[in-house]
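Heads up: the structure comes next, in structure tokens.
The values are calculated or read from the model by the stated rules, or taken from the named source; none is laboratory data. Bear in mind that the values here come from a model prediction, so they are computed numbers and not experimental data. In this analysis, Cβ positions are derived from the backbone assuming ideal geometry, glycine residues included, and neighbour counts consider all displayed protein chains. Heavy atoms of the whole protein, side chains included, go into the accessibility calculation; ligands, DNA and RNA do not. Shrake-Rupley method; radii C 1.70, N 1.55, O 1.52, S 1.80 Å.
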Amino acid sequence: MELTFAIIKPDAVKSRDTGRILQRIEDEGFQIRAMRMRHISQSEAEGFYAVHHERPFFASLTAFMSSGPCVVLALEAPDAIRKWRTLMGATDPAKADAGTLRKEFGASIENNATHGSDAPDTAAFELGYFFPGIELAR
Ligand code: ATP
Ligand code: MG
């Protein structure tokens with residue numbers, strides 16, 4: 001079993017797609033291990049996305065991520081990190097495969113509905129950022 005960190009981003013919460021995305025998460029076989037609705041501040045978003053701080057879209061991305069409430073999740077499944085990224089689809093919804101969450105719920109490369117950790121080290125950092133003290137294995 002593996003844990004990954006996921007976000008239902010502010011665009012998808014605002015468009016009232018939270019329930020549909022949670023249903024897809026459960027239908028695809030993930031166990032929801034932790035979940036919380038949070039309206040994060042821009043400085044929390046900057047800390048979370050620190051790896052991107054040199055990217056041209058950093059200011060816009062962190063403003064978007066703090067623009068309204070989001071839902072933060074710890075998801076468990078075999079191979080959860082890769083499995084969740086596959087379910088989300090490509091970063092740009094226009095390039096995402098049919099049936100993926102970003103294809104269905106994303107509007108643009110920035111407003112792309114969901115986030116997912118991309119590797120075990122980033123999953124550990126991101127889970128700890130939003131769920132301090134969470135058990136990473138059991
Ligand atoms: P995430 O980390 O959110 O799961 P990702 O790993 O697919 O997405 P990253 O390259 O890590 O993509 O980019 C982080 C986020 O920054 C993207 O999900 C998107 O919201 C935003 N982003 C990425 N590229 C661009 C861009 N060219 N213009 C605007 N926003 C972007
Ligand atoms: Mg990423």
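Within the range 110-138, if we keep just the residues that are within 12 Å of ligand 2 (Cβ to nearest atom) and among the aliphatic types (A, V, I, L, M), the residue that is nearest to A12 (Cα to Cα) turns out to be A123.
Residue count for the range 1-37 satisfying the condition of being surrounded by 13 or more Cβ atoms within 10 Å (Cβ to Cβ) and among the charged types (D, E, K, R): 9.
Annotation note: Cβ proximity below 7 Å between a residue of the range 99-128 that is away from ligand 1 (no atom under 12 Å from the Cβ) and a residue that is open to solvent by 50 Å² or more (accessible area, probe 1.4 Å) (sequence gap 6+ or interchain) occurs for K103/D97; A124/L136; L127/L136.
Please tell me if F64 is in contact (Cβ under 8 Å) with a residue 60 or more places away in the chain, within 16 Å of ligand 1 (Cβ to nearest atom) and of a type outside the set (V, I, T). Against the criterion (in contact (Cβ under 8 Å) with a residue 60 or more places away in the chain, within 16 Å of ligand 1 (Cβ to nearest atom) and of a type outside the set (V, I, T)), F64 does not qualify. Name the single residue, out of those in the range 72-94 being assigned to a strand (DSSP E or B) and more than 14 Å from ligand 1 (Cβ to nearest atom), that is surrounded by the fewest Cβ atoms within 10 Å (Cβ to Cβ). Within the range 72-94, the match that is surrounded by the fewest Cβ atoms within 10 Å (Cβ to Cβ) is E76. Number of residues in the range 73-99 that are under 25 Å from R33 (Cβ atoms) and either more than 15 Å from ligand 2 (Cβ to nearest atom) or of a type in the set (K, R) (or both): the value is 12. Looking across the range 5-59, the residues that are in a helix (DSSP H, G or I) and β-branched (V, I, T) come down to V13, T18, I21, I25, V51. From the residues in the range 41-71 that are over 15 Å from Y129 (Cβ atoms) and of a type in the set (F, W, Y), which one is surrounded by the fewest Cβ atoms within 10 Å (Cβ to Cβ)? By that ranking, first place goes to F57.
Residues satisfying the criterion are absent from the range 22-37 (criterion: under 23 Å from E135 (Cα atoms) and touching a Cys at 6+ places or on another chain (Cβ under 7 Å)).
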